[in-house]
1. Could you go through segment 21-32 and let me know if any residue there is touching a Leu at 6+ places or on another chain (Cβ under 8 Å) and either outside any helix (DSSP H, G or I) or over 16 Å from GLN87 (Cα atoms) (or both).
2. Could you give every pair whose Cβ atoms fall below 6 Å, whose first residue belongs to segment 113-135 and is farther than 24 Å from LEU86 by Cα, and whose second residue is of a type in the set (S, T, N, Q) and surrounded by 12 or more Cβ atoms within 10 Å (Cβ to Cβ), counting only separations of at least 6 or pairs across chains?
3. Output the residues belonging to segment 85-124 that are hydrophobic (A, V, I, L, M, F, W, C) and within 30 Å of LEU26 (Cα to Cα).
4. Only residues in segment 1-29 that are within 16 Å of ASN88 (Cα to Cα) and free of Cβ contacts under 8 Å to residues at least 24 places away in the same chain count as the first member; pair them with residues that are assigned to a helix (DSSP H, G or I) and of a type in the set (S, T, N, Q), Cβ under 8 angstrom, at least 6 apart or cross-chain, and list the lot.
5. Being closer than 16 Å to VAL50 by Cβ, surrounded by fewer than 13 Cβ atoms within 10 Å (Cβ to Cβ) and not assigned by TED's automatic domain parsing to the domain that holds VAL50 is the requirement here; does GLN116 meet it?
6. Which of (1) at pLDDT 90 or above; (2) in contact with a helix residue (DSSP H, G or I) (Cβ under 6 Å, 6 or more places away or on another chain); (3) not assigned by TED's automatic domain parsing to the domain that holds LEU36 does GLU56 not meet, given it meets every other one?
7. Identify the residue in segment 54-92 that is under 22 Å from PHE11 (Cα atoms), free of Cβ contacts under 8 Å to residues at least 40 places away in the same chain and among the aliphatic types (A, V, I, L, M) and, among all such residues, is surrounded by the most Cβ atoms within 10 Å (Cβ to Cβ).
8. Does GLU43 satisfy the criteria of being modelled with pLDDT under 90, closer than 30 Å to ASN124 by Cβ and surrounded by fewer than 13 Cβ atoms within 10 Å (Cβ to Cβ)?
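The values are calculated or read from the model by the stated rules, or taken from the named source; none is laboratory data. Just so we're clear, the structure is a prediction, and the values are computed from it rather than from any experiment. Reconstructed Cβ throughout: ideal geometry from the backbone, glycine too, with neighbour counts over all protein chains shown.
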Amino acid sequence: MSLVTQLDNDFKQALKSKDAEKLSILRLVRGAIKNLEIEKQGEASEEDVVEILQREIKQHKESIEAFEKAQRKEEVERLKQESDFLQNYLPDQLTIEEIKDAVEKAIEETQASNMQDLGKVMGNVMQKVKGRAGGDEVGTMVKDILSDK
């Protein structure tokens, strides 16, 4: 079952069960998918949907930080729940060790030797781990490894 189909089915289920919280977040994601399809003038691919989900999760994390600073615990809790809910639709995330292995392999492939090669390594790694690891985590790992060289 495709990710779009799964999101649509879950949306219908949330409608039937009158789950306002799930409906709200699923409407947001479905709207972003529809906008992308209009922009592309075609169907959204699985990769597109994963990118949309990751973008929403990232925005939620940024909002969580802002609400934590403002000491708005109810909003923080709501956003954490929504973020966790969206996380369920993403492919299994890579472990730190798997990210490290991918980074080391990319450094080897690109023959990177210092921090000036950061962009080449990041491009190589992100192509391979797209949807299964965040750019922040990968970037930190690349910087750590390259700075040790």
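1. No, every residue in segment 21-32 fails to be touching a Leu at 6+ places or on another chain (Cβ under 8 Å) and either outside any helix (DSSP H, G or I) or over 16 Å from GLN87 (Cα atoms) (or both).
2. Listed by first residue and then by second, the contacts come to LYS120/THR110; VAL121/THR110; ASN124/THR110.
3. Within segment 85-124, PHE85, LEU86, LEU90, LEU94, ILE96, ILE99 qualify.
4. Every condition considered, the pairs that remain are MET1/ASN9.
5. Criteria not met by GLN116.
6. (3)
7. For segment 54-92, the residue satisfying everything is LEU79.
8. Yes, satisfied.
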